[in-house]
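S.K.: Got a structure for you, questions after.
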Amino acid sequence: MKAKITATGAYLPEKILTNFDLEKMVDTSDEWIRQRTGIELRHIAENQPTSELAANAAEDILANSSISASDIDLLLVATVTPDQPLPATAIFVQEEIGAYNAFTFDVNAACSGFMYALSIANAYIVSGMVKNAMVIGAETMSKIIDWSDRSTCVIFGDGAAGVLLEPTEEDEGVLSVVLHSDGRYSDLMRVPAPGSRIPCSKKVIDDRDIYVKMKGNETFKLALRNIVSVSKEALDLAKMDFSDVNWMVSHQANRRIIDGVAKRVNLGEGKAIVTIDRHGNTAAASIPLALDWAVKTGKIKKGDIVLLNSFGASLTWSAAVVRW
Ligand code: COA
C-alpha cells in the first residue's frame, strides 16, 4: 500500500505587497530584494486568521477531488502562525469546512512543516489507519514579522495550500520520505516570545521579541548543503538518482538556494519549480503552493517523478520522492 496525492489546492490573500511598497517602509530596494532573494511580490492577509486561509485552500482541494468534507479521515495543518496557542488551528479549519468525521491536529516544523505533515499522513495511510488524509500548509507570516527589520520583512509572505492523500496499490505516490532535525541550531531562526520560556509582558513587546529573528547568512549555507544531502537520501531510498527527477519542488526560501541546489546536482534546465518571485517565503505553505501551481499549469503530469525538499528553522530539513 502506498499513499498517492490525488488532489491539490491553494489560496492566496488578495492584498499584494511589492518590493516598491517595501522601499517606502524600510531602507531597501527592489534591486537588492530581487538580486539577493528572487522575490518581486508577496500576498498579505490583512484581517484573516491562518485558519481562514487554510479553509479556503481546503475547499479548493475538495473541489479538485472526488470526495466531500465529511469523507475526510485525517486533517493536518502545518503552521508556525497558529490562530491562537489553543486550540489547534486545524480545529478551526475542521469547523469551517465541516469535516466533522476527521481527527485533526497541527504540526510545527517551521518551513519543513508541510513535509513533516505529509510524512505523518503517509504513515497513517500506509498502515491502514485512515483511508485518506488532507495535509495543508498555512501561514500568516506577516503577523509575526517586524516590519521595521529589513533583514526579515522583505522575505516572507502569506498563503495556504495542500494536498489530499489516498491509498493506492500501484507503484506510485509517495515512494520515500526522509526527515531530519537538529536542535543545536535552535537560535538560527526563532520568535523568542511569548511562550512558557518568556511569558507575555509589556517588555517583550517593547523589545520586539514577539517577532521573527533570523541569522540569514548562516541559515543560507546550511540550507544548500542539507537540501542536497537529504534529497540524495530520499532518492537512494527510492532507488533513483537526480537524473530520474522530472521536477524539483523546493521550499521557496531564496531563489539563490533553489538555483544553487539545482546546479550542484545537475538537475537540468527548467526542472526546479520557482514561485518565490510572486509568493515570497510562505514557510509551511511554500511547497504545496509551488506544487499546486505546477499541477494546475500542467507542468507535473501523471507518471512524473517529483522531488520535494525543504529546509526550515531551527533546524529541520527533509525530502520526499513522489511518482505522480
Ligand atoms: N535591503 C538592503 N540591504 C539589506 C537588506 C535589505 N532588505 N537586508 C540586509 N541587507 C544588507 C545587510 O545589512 C548587509 O549589509 P552590509 O554588507 O553593509 O553589512 C548586506 O545586505 C548583506 O547581508 P546578508 O545578510 O549577508 O545578505 P545575504 O546575501 O545573506 O541575504 C538573506 C540575506 C536573508 C536573503 C539570505 O541570507 C537568505 O535567504 N537566507 C536564508 C533564509 C532562510 O532560508 N530562512 C530559513 C528557512 S525559511
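The values are calculated or read from the model by the stated rules, or taken from the named source; none is laboratory data. Owing to the predicted nature of the structure, the values given are computational and were not obtained by experimental measurement. Quick reminder, even Gly has a Cβ in these numbers, built from the backbone with ideal geometry, and neighbours come from all protein chains shown. Quick note on the areas: whole protein, heavy atoms, side chains included, nothing else; ligands and nucleic acids left out. Shrake-Rupley method; radii C 1.70, N 1.55, O 1.52, S 1.80 Å.
S.K.: So which residues in the range 276-293 are surrounded by fewer than 22 Cβ atoms within 10 Å (Cβ to Cβ) and of a type outside the set (Phe, Trp, Tyr)? Even if it seems obvious, please write down each step before you answer.
M.R.: Our first condition is that a residue be surrounded by fewer than 22 Cβ atoms within 10 Å (Cβ to Cβ); within the range 276-293, this holds for 277-278, 293.
Answer for the range 276-293, where residues must be surrounded by fewer than 22 Cβ atoms within 10 Å (Cβ to Cβ) and of a type outside the set (Phe, Trp, Tyr): 277, 278.
S.K.: Since residue 47 meets every condition but one in (1) free of Cβ contacts under 8 Å to residues at least 60 places away in the same chain; (2) touching a strand residue (DSSP E or B) at 6+ places or on another chain (Cβ under 8 Å); (3) among the polar types (S, T, N, Q), which condition does it not meet?
M.R.: So residue 47 meets the others, but not (2).
S.K.: Would you mind finding the one in 37, 6, 79 that is among the hydroxyl-bearing types (Ser, Thr, Tyr) and open to solvent by 40 Å² or more (accessible area, probe 1.4 Å)? Show your work before the answer.
M.R.: Details: 37 fails: open to solvent by 40 Å² or more (accessible area, probe 1.4 Å); 79 fails: open to solvent by 40 Å² or more (accessible area, probe 1.4 Å).
The match here is 6.
S.K.: For residue 93, which of the numbered conditions (1) free of Cβ contacts under 8 Å to residues at least 60 places away in the same chain; (2) buried (at least 19 other Cβ atoms within 10 Å of the Cβ); (3) within 16 Å of the ligand (Cβ to nearest atom) fails to hold?
M.R.: Just one mismatch for residue 93, condition (3).
S.K.: Is it the case, given these coordinates, that residue 215 is more than 30 Å from residue 69 (Cβ to Cβ), within 20 Å of the chain's Cα centre (by Cα), within 12 Å of the ligand (Cβ to nearest atom) and surrounded by fewer than 13 Cβ atoms within 10 Å (Cβ to Cβ)?
M.R.: Working: more than 30 Å from residue 69 (Cβ to Cβ): yes; within 20 Å of the chain's Cα centre (by Cα): yes; within 12 Å of the ligand (Cβ to nearest atom): yes; surrounded by fewer than 13 Cβ atoms within 10 Å (Cβ to Cβ): no.
Answer is no for this residue.
S.K.: Check every one of the helices (runs of 4 or more DSSP H) wholly within the range 249-320 and list those with 1 or more residues that are near the ligand (Cβ under 10 Å from one of its atoms), modelled with pLDDT of 95 or more and over 22 Å from residue 8 (Cα atoms).
M.R.: Values: elements: 255-264, 276-279, 286-296.
The helices (runs of 4 or more DSSP H) meeting that bar are 255-264.
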